[in-house]
Amino acid sequence: MIKFKKTALATAIMATAISLSPVTAQAADDEQTVDKGKASLSFRYRYEMVDQANFAKDANASTLLTRLNYKTADYNGWRFFIEVDNVTEIWGDHYNAGAGNTPNRTQYPVVADPTGTEINQAWVSFQFNDKASTTLGRQRILLDNQRFVGGVGWRQNEQTYDALSFDFNIADSRLFMAYVDHVNRIFGEDVPAGDHDNQTLLANWHKTWAGKHHIKAYYYGIDNDDAPVFSTNTLGFGYNTHFDVGAQKFKMAVEYASQSDADNNPVNYDADYWRLDVAVTFNNGEIFAGQEILEGSDQQSGASFRTPLATLHAFNGWADQFLSTPDVGIVDTFIGVKGQLNGWGWQAKYHQFDREAGSGQLGTELNLSLSKKLNEKAGILFKAADYSADSHSQDTQKLWFMFSYKL
């Protein structure tokens, strides 16, 4: 059964889509809009193993994501898009899908890939001109590197947003704004943690000049009715650039954000975020290093910097031991190397996690990956993560194999 959360905005989305969709048009040109639309079918199989010290059994998750979508051709500036996802267990169900999805499997570590069929996206858009557009409906919102707002695309059930958004592009700058009524989280609609009602405002601006200087500014006012601790106001700025020295290219990025509690949040706090990245390229590879700091407190519970809408798997280690910022905050110091060899992409990265408030180490982690695009339609990925706990969480090892195919 396909699930679609009946929020007020969701109802408006479907009503608008039905009234504006070219499917209802009678003229020949309108029918061609449907005929010339584009459909897509893709598959993503993944095996994930989790060995976590505080569980008697290892998790072995074998799941298949099947995604079908359709987008109409342009009709006087209008377009309609719908996307349906299905996640199915294959060859066993020896894992805990998390958030109460599998209450009879708590002997296993969490692999947050619940099964089911859902409408992942359903939106109607209007292109005012070549510089401005608006979208109403269930949509994907990916801002910057997804550190603050993303789709959690690594998981089989993607995070999407019921929202009204506006996109303005002028010269080398872009302004994106959205009002979010509902967040469809990775846990699915069978559990409360999978659906959060919001009255959230997102604003993101960035500009590029001289081909190598990039600045950004953003404001994210999150008002979460179902998880008050996620209600925050975040204001941030960032800059990145690159320059050549001989045959080498150097890259540098800095970012700062300030956050405070908002609306129904029961905790009164202020916290800051800092990030520094540096990198140098060599032949077909790159050496990179940096530090990310999410401020916390050793005096007040729940007073740490939070990123509830982020694609968290991409940050603070692939073992996912810091999906919630500890009360004492995080100082994530990392170094890595990545590159290409004979069509294979590879990466190795090491993290050291320390307390931001007070002193002491939280843990360390090693991440490894190997990937290859087999052809224009298929690709494979191998990944591994080894987290060694000190004062946070438990020793955790994870292995992944993934095969993707798009028709």
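The values are calculated or read from the model by the stated rules, or taken from the named source; none is laboratory data. Note that this is a predicted model, so its numbers are computed, not measured. Here Cβ is always computed from backbone atoms with ideal geometry, including for glycine, and neighbour counts include all displayed protein chains.
At a glance:
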item: Any hit, region 71-93, residues being surrounded by fewer than 18 Cβ atoms within 10 Å (Cβ to Cβ), at pLDDT 95 or above, closer than 15 Å to residue 187 by Cβ and in contact with a Phe, Trp or Tyr (Cβ under 9 Å, 6 or more places away or on another chain); result: no
item: Residue within region 95-107 that is β-branched (Val, Ile, Thr) and not in a loop (DSSP other than H, G, I, E, B) present; result: no
item: Total residues in region 197-212, condition in contact with a strand residue (DSSP E or B) (Cβ under 8 Å, 6 or more places away or on another chain), within 17 Å of residue 169 (Cα to Cα) and surrounded by fewer than 17 Cβ atoms within 10 Å (Cβ to Cβ); result: 4
item: Region 163-179, residues that are aliphatic (A, V, I, L, M) and either within 19 Å of the chain's Cα centre (by Cα) or at pLDDT 95 or above (or both); result: 163, 164, 175, 177, 178
item: In region 220-278, the residues that are touching a residue at least 40 places away in the same chain (Cβ under 8 Å) and out of contact with any strand residue (DSSP E or B) (no Cβ under 7 Å at 6 or more places or on another chain); result: 229, 263, 264
item: Residue count for region 140-172, restricted to those that are more than 21 Å from residue 189 (Cβ to Cβ) and either touching a Gly at 6+ places or on another chain (Cβ under 8 Å) or assigned to a loop (DSSP other than H, G, I, E, B) (or both); result: 9
item: From the options 206, 214, 182, 196, residue that is part of a strand (DSSP E or B), touching a helix residue (DSSP H, G or I) at 6+ places or on another chain (Cβ under 8 Å), at pLDDT 95 or above and closer than 28 Å to residue 317 by Cβ; result: 196
item: Members of region 309-320 found to be closer than 24 Å to residue 220 by Cβ and part of a loop (DSSP other than H, G, I, E, B), listed by number; result: 310, 311, 315, 316, 317, 320
item: In region 227-240, the residues that are in a strand (DSSP E or B) and surrounded by 15 or more Cβ atoms within 10 Å (Cβ to Cβ); result: 232, 233, 234, 235, 236, 238, 240
item: Which listed residue is under 22 Å from residue 267 (Cα atoms) and small (Gly, Ala, Ser), from 194, 211, 188, 221; result: 221
item: Tabulated pairs, region 185-197, first closer than 15 Å to residue 323 by Cα, second assigned to a helix (DSSP H, G or I), C-beta under 7 angstrom, 6+ apart or interchain; result: 185/193; 185/194; 187/193; 187/194
item: Yes/no for residue 349 being over 21 Å from residue 279 (Cα atoms) and touching a strand residue (DSSP E or B) at 6+ places or on another chain (Cβ under 7 Å); result: no
item: Test: residue in region 358-375 that is among the acidic types (Asp, Glu) and over 22 Å from the mean Cα position of the chain (by Cα); result: no
item: Selected residue (only one of 101, 96, 86 is within 30 Å of residue 54 (Cα to Cα) and touching a Ser or Thr at 6+ places or on another chain (Cβ under 6 Å)); result: 96
item: Residue within region 173-191 that is out of contact with any strand residue (DSSP E or B) (no Cβ under 8 Å at 6 or more places or on another chain), surrounded by fewer than 20 Cβ atoms within 10 Å (Cβ to Cβ) and of a type outside the set (Ser, Thr, Tyr) present; result: yes
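Conditions tested, residue by residue: (1) under 26 Å from residue 262 (Cα atoms); (2) in contact with a His (Cβ under 7 Å, 6 or more places away or on another chain).
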{"site": "305", "(1), (2)": "yes, no"}
{"site": "313", "(1), (2)": "yes, no"}
{"site": "328", "(1), (2)": "yes, no"}
{"site": "335", "(1), (2)": "no, no"}
{"site": "347", "(1), (2)": "no, no"}
{"site": "352", "(1), (2)": "no, no"}
{"site": "361", "(1), (2)": "no, no"}
{"site": "364", "(1), (2)": "no, yes"}
